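Let me begin by presenting the structure, written as C-alpha coordinates, before commenting on it.
The values are calculated or read from the model by the stated rules, or taken from the named source; none is laboratory data. A quick note: this is a predicted structure, and the numbers were derived from the prediction, not measured. Methodologically, a virtual Cβ is constructed for each residue, glycine included, from the backbone with ideal geometry; neighbour enumeration extends over all protein chains shown. Areas reflect the complete protein model, heavy atoms only, side chains present, ligands, DNA and RNA absent. Shrake-Rupley method; radii C 1.70, N 1.55, O 1.52, S 1.80 Å.
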Amino acid sequence: MTAHTTRLLLLGAVALFEPVNGYQIRRELVSWQVDKWAHVNPGSIYHGLATLTRQQHLVRHDLLDGAREVAVYELTEEGRAELDRLMRSSLETVDPYDRVAFHAAFSMLPLFGKKAALECLEARRLALEETVDQFPDAETAKGDLGPPHAVRSLMLWRDTAVTELAWLRQTLHDIRDGSLRFEPDEDWGWRPPDDDPGWQMNIDREKYRALLDR
(Lines give C-alpha, C1' and ligand atoms only; values in the text may rest on other atoms or scores of the structure.)
Protein backbone atom coordinates (compact mmCIF):
# COMPACT_ATOMS: atom_id res chain seq x y z
CA MET A 1 0.00 0.00 0.00
CA THR A 2 2.89 2.37 0.66
CA ALA A 3 4.07 2.10 -2.96
CA HIS A 4 0.50 2.67 -4.18
CA THR A 5 0.13 5.75 -1.99
CA THR A 6 3.56 7.12 -2.93
CA ARG A 7 2.75 6.88 -6.65
CA LEU A 8 -0.61 8.53 -6.05
CA LEU A 9 0.89 11.40 -4.05
CA LEU A 10 3.68 12.07 -6.55
CA LEU A 11 1.45 11.94 -9.64
CA GLY A 12 -1.18 14.01 -7.87
CA ALA A 13 1.30 16.66 -6.74
CA VAL A 14 2.64 17.02 -10.28
CA ALA A 15 -0.92 17.23 -11.63
CA LEU A 16 -1.80 19.97 -9.14
CA PHE A 17 1.24 22.15 -9.78
CA GLU A 18 2.74 21.23 -13.17
CA PRO A 19 5.12 22.20 -14.57
CA VAL A 20 6.89 21.85 -11.24
CA ASN A 21 10.41 21.06 -10.10
CA GLY A 22 11.39 18.23 -7.79
CA TYR A 23 12.30 20.44 -4.84
CA GLN A 24 8.87 22.08 -4.93
CA ILE A 25 7.15 18.68 -4.95
CA ARG A 26 9.24 17.52 -2.01
CA ARG A 27 8.58 20.73 -0.04
CA GLU A 28 4.85 20.54 -0.74
CA LEU A 29 4.49 16.90 0.28
CA VAL A 30 6.63 17.40 3.38
CA SER A 31 4.27 20.25 4.36
CA TRP A 32 1.45 17.66 4.21
CA GLN A 33 3.48 15.59 6.74
CA VAL A 34 3.38 12.57 4.43
CA ASP A 35 6.21 10.99 6.41
CA LYS A 36 3.89 10.71 9.42
CA TRP A 37 0.56 9.55 8.00
CA ALA A 38 1.47 8.13 4.57
CA HIS A 39 4.83 6.61 5.59
CA VAL A 40 6.51 8.32 2.63
CA ASN A 41 10.18 9.00 3.29
CA PRO A 42 10.95 12.53 2.00
CA GLY A 43 14.30 11.26 0.77
CA SER A 44 12.55 8.80 -1.54
CA ILE A 45 10.59 11.46 -3.41
CA TYR A 46 13.31 12.17 -5.98
CA HIS A 47 13.77 8.45 -6.56
CA GLY A 48 10.02 8.12 -7.05
CA LEU A 49 9.98 10.92 -9.62
CA ALA A 50 12.82 9.23 -11.51
CA THR A 51 10.96 5.91 -11.46
CA LEU A 52 7.72 7.46 -12.73
CA THR A 53 9.67 9.22 -15.47
CA ARG A 54 11.33 5.97 -16.49
CA GLN A 55 7.88 4.34 -16.60
CA GLN A 56 6.69 7.19 -18.89
CA HIS A 57 4.11 8.47 -16.42
CA LEU A 58 6.05 11.73 -16.14
CA VAL A 59 8.14 13.72 -18.58
CA ARG A 60 11.20 15.57 -17.31
CA HIS A 61 12.37 18.85 -18.85
CA ASP A 62 15.84 20.14 -18.00
CA LEU A 63 15.44 23.90 -18.18
CA LEU A 64 17.90 26.73 -17.78
CA ASP A 65 16.46 29.02 -15.12
CA GLY A 66 18.81 31.96 -15.13
CA ALA A 67 22.25 30.58 -14.31
CA ARG A 68 21.05 27.25 -12.98
CA GLU A 69 19.62 24.12 -14.56
CA VAL A 70 16.39 22.83 -13.07
CA ALA A 71 14.48 19.58 -13.68
CA VAL A 72 10.80 20.27 -14.24
CA TYR A 73 8.09 17.59 -14.39
CA GLU A 74 4.76 17.24 -16.20
CA LEU A 75 2.32 14.35 -16.50
CA THR A 76 2.13 12.32 -19.70
CA GLU A 77 -1.16 10.93 -21.00
CA GLU A 78 -0.14 7.59 -19.50
CA GLY A 79 0.48 9.34 -16.21
CA ARG A 80 -2.96 10.95 -16.22
CA ALA A 81 -4.55 7.58 -16.86
CA GLU A 82 -2.53 6.02 -14.02
CA LEU A 83 -3.45 8.85 -11.67
CA ASP A 84 -7.13 8.43 -12.53
CA ARG A 85 -6.89 4.69 -11.84
CA LEU A 86 -5.13 5.21 -8.51
CA MET A 87 -7.56 7.95 -7.44
CA ARG A 88 -10.63 5.85 -8.21
CA SER A 89 -9.20 2.75 -6.54
CA SER A 90 -8.20 4.69 -3.42
CA LEU A 91 -11.52 6.50 -3.10
CA GLU A 92 -13.71 3.44 -3.69
CA THR A 93 -11.80 0.65 -1.94
CA VAL A 94 -12.71 0.20 1.72
CA ASP A 95 -10.16 -1.28 4.11
CA PRO A 96 -11.38 -0.68 7.67
CA TYR A 97 -7.85 -1.30 8.96
CA ASP A 98 -5.98 1.05 6.62
CA ARG A 99 -7.32 4.36 5.29
CA VAL A 100 -4.02 5.90 4.19
CA ALA A 101 -4.66 5.60 0.43
CA PHE A 102 -8.12 7.11 0.88
CA HIS A 103 -6.71 10.07 2.81
CA ALA A 104 -4.16 10.66 0.05
CA ALA A 105 -6.80 10.56 -2.69
CA PHE A 106 -9.30 12.70 -0.80
CA SER A 107 -6.65 15.36 -0.17
CA MET A 108 -6.39 15.74 -3.96
CA LEU A 109 -10.12 15.67 -4.71
CA PRO A 110 -9.88 18.97 -6.67
CA LEU A 111 -8.25 16.94 -9.45
CA PHE A 112 -11.65 15.27 -9.98
CA GLY A 113 -14.77 16.94 -11.26
CA LYS A 114 -17.85 16.94 -9.08
CA LYS A 115 -19.52 14.14 -11.04
CA ALA A 116 -16.56 11.75 -10.79
CA ALA A 117 -16.00 12.56 -7.11
CA LEU A 118 -19.63 11.81 -6.29
CA GLU A 119 -19.52 8.54 -8.21
CA CYS A 120 -16.42 7.33 -6.36
CA LEU A 121 -17.58 8.45 -2.93
CA GLU A 122 -21.03 6.95 -3.47
CA ALA A 123 -19.37 3.64 -4.38
CA ARG A 124 -17.32 3.93 -1.18
CA ARG A 125 -20.47 4.58 0.85
CA LEU A 126 -22.08 1.37 -0.40
CA ALA A 127 -18.93 -0.65 0.26
CA LEU A 128 -18.55 0.89 3.71
CA GLU A 129 -22.14 0.05 4.62
CA GLU A 130 -21.44 -3.58 3.69
CA THR A 131 -18.25 -3.50 5.76
CA VAL A 132 -20.06 -2.16 8.83
CA ASP A 133 -22.72 -4.87 8.48
CA GLN A 134 -20.00 -7.56 8.50
CA PHE A 135 -18.78 -6.53 11.94
CA PRO A 136 -20.63 -7.95 14.93
CA ASP A 137 -22.79 -5.42 16.73
CA ALA A 138 -22.44 -4.68 20.43
CA GLU A 139 -25.06 -7.24 21.39
CA THR A 140 -23.51 -10.03 19.31
CA ALA A 141 -20.08 -9.15 20.67
CA LYS A 142 -21.27 -10.21 24.13
CA GLY A 143 -21.34 -13.80 22.85
CA ASP A 144 -18.51 -16.25 22.50
CA LEU A 145 -16.39 -14.40 19.89
CA GLY A 146 -13.12 -14.72 21.73
CA PRO A 147 -11.25 -13.22 24.69
CA PRO A 148 -12.93 -10.06 26.00
CA HIS A 149 -9.98 -7.78 25.22
CA ALA A 150 -9.84 -9.06 21.61
CA VAL A 151 -13.59 -8.51 21.22
CA ARG A 152 -13.23 -5.00 22.61
CA SER A 153 -10.49 -4.29 20.04
CA LEU A 154 -12.78 -5.57 17.27
CA MET A 155 -15.50 -3.19 18.41
CA LEU A 156 -13.06 -0.28 18.07
CA TRP A 157 -12.58 -1.16 14.38
CA ARG A 158 -16.34 -1.34 13.96
CA ASP A 159 -16.95 1.97 15.71
CA THR A 160 -14.28 3.63 13.59
CA ALA A 161 -15.98 2.36 10.42
CA VAL A 162 -19.36 3.61 11.69
CA THR A 163 -17.84 7.04 12.35
CA GLU A 164 -16.34 7.14 8.86
CA LEU A 165 -19.70 6.20 7.35
CA ALA A 166 -21.42 9.11 9.13
CA TRP A 167 -18.64 11.45 7.96
CA LEU A 168 -18.92 10.17 4.38
CA ARG A 169 -22.69 10.62 4.25
CA GLN A 170 -22.31 14.22 5.41
CA THR A 171 -19.50 14.81 2.90
CA LEU A 172 -21.66 13.53 0.03
CA HIS A 173 -24.49 15.81 1.19
CA ASP A 174 -22.16 18.82 1.34
CA ILE A 175 -20.79 18.17 -2.15
CA ARG A 176 -24.28 17.79 -3.61
CA ASP A 177 -25.64 20.99 -2.07
CA GLY A 178 -22.52 22.98 -2.97
CA SER A 179 -21.35 23.77 0.56
CA LEU A 180 -18.16 21.76 -0.05
CA ARG A 181 -16.54 23.20 -3.16
CA PHE A 182 -13.46 21.80 -4.79
CA GLU A 183 -13.50 22.40 -8.54
CA PRO A 184 -10.73 24.75 -9.80
CA ASP A 185 -13.15 27.43 -11.04
CA GLU A 186 -15.12 27.63 -7.79
CA ASP A 187 -14.68 30.12 -4.97
CA TRP A 188 -13.70 27.93 -2.01
CA GLY A 189 -14.14 30.73 0.47
CA TRP A 190 -10.46 30.35 1.38
CA ARG A 191 -7.11 31.52 0.05
CA PRO A 192 -3.54 30.85 1.17
CA PRO A 193 -1.92 33.51 3.39
CA ASP A 194 0.28 36.09 1.68
CA ASP A 195 3.47 34.42 2.94
CA ASP A 196 2.48 30.94 1.70
CA PRO A 197 5.26 29.31 -0.38
CA GLY A 198 2.62 28.32 -2.92
CA TRP A 199 2.55 31.85 -4.31
CA GLN A 200 6.22 31.52 -5.29
CA MET A 201 5.43 28.10 -6.75
CA ASN A 202 2.78 29.70 -8.94
CA ILE A 203 5.24 32.37 -10.10
CA ASP A 204 7.77 29.66 -10.97
CA ARG A 205 5.09 27.66 -12.78
CA GLU A 206 4.31 30.60 -15.06
CA LYS A 207 8.04 31.02 -15.70
CA TYR A 208 8.40 27.33 -16.57
CA ARG A 209 5.41 27.53 -18.87
CA ALA A 210 7.01 30.41 -20.72
CA LEU A 211 10.29 28.49 -21.05
CA LEU A 212 8.33 25.52 -22.41
CA ASP A 213 6.32 27.75 -24.79
CA ARG A 214 3.07 26.75 -23.09
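Screening 61, 39 for residues that are assigned to a loop (DSSP other than H, G, I, E, B) and in contact with a helix residue (DSSP H, G or I) (Cβ under 9 Å, 6 or more places away or on another chain) leaves exactly one candidate, 39.
Pairing each residue of the range 48-72 that is small (Gly, Ala, Ser) with any residue that is open to solvent by 100 Å² or more (accessible area, probe 1.4 Å), provided the two are 6+ apart or on different chains, yields C-beta distances under 8 Å for 71/60.
Which members of the range 108-117 meet the condition of being surrounded by fewer than 15 Cβ atoms within 10 Å (Cβ to Cβ) and part of a helix (DSSP H, G or I)? Of everything in the range 108-117, just one residue is surrounded by fewer than 15 Cβ atoms within 10 Å (Cβ to Cβ) and part of a helix (DSSP H, G or I), namely 115. Just one of the listed residues (194, 204, 213) is at pLDDT 80 or above, under 25 Å from residue 30 (Cα atoms) and not in a helix (DSSP H, G or I), and it is 194.
Scanning the range 32-43 for residues that are surrounded by fewer than 16 Cβ atoms within 10 Å (Cβ to Cβ) and either modelled with pLDDT under 90 or not polar (S, T, N, Q) (or both) yields 35, 36, 37, 39, 41, 42, 43. Across the range 161-179, what is the number of residues that are of a type in the set (D, E, K, R) and either closer than 13 Å to residue 128 by Cβ or crowded, with 17+ Cβ neighbours inside 10 Å (or both)? The total comes to 2. Taking the residues in the range 64-80 that are open to solvent by 20 Å² or more (accessible area, probe 1.4 Å) and of a type in the set (A, V, I, L, M, F, W, C) as candidates, determine which candidate is farthest from residue 214 (Cα to Cα). The extreme case among them is 67. Looking only at residues in the range 7-50 that are among the basic types (Lys, Arg) and under 20 Å from residue 102 (Cα atoms), the one that is farthest from the chain's Cα centre (by Cα) is 36.
Checked against the criteria, residue 5 does not count as of a type outside the set (A, V, I, L, M), closer than 30 Å to residue 132 by Cα, out of contact with any strand residue (DSSP E or B) (no Cβ under 6 Å at 6 or more places or on another chain) and open to solvent by 10 Å² or more (accessible area, probe 1.4 Å).
On the given criteria, is residue 59 farther than 30 Å from residue 178 by Cα, surrounded by 21 or more Cβ atoms within 10 Å (Cβ to Cβ) and either among the β-branched types (Val, Ile, Thr) or out of contact with any Phe, Trp or Tyr (no Cβ under 6 Å at 6 or more places or on another chain) (or both)? Considered against the rule, which asks whether it is farther than 30 Å from residue 178 by Cα, surrounded by 21 or more Cβ atoms within 10 Å (Cβ to Cβ) and either among the β-branched types (Val, Ile, Thr) or out of contact with any Phe, Trp or Tyr (no Cβ under 6 Å at 6 or more places or on another chain) (or both), residue 59 comes out as no.
For the range 159-197, the tally of residues that are in contact (Cβ under 8 Å) with a residue 40 or more places away in the chain and not aromatic (Phe, Trp, Tyr) stands at 13.
Residues that are farther than 28 Å from residue 123 by Cα, of a type outside the set (Asp, Glu) and not in a helix (DSSP H, G or I): does the range 42-53 have at least one? No, the range 42-53 contains no residue that is farther than 28 Å from residue 123 by Cα, of a type outside the set (Asp, Glu) and not in a helix (DSSP H, G or I).
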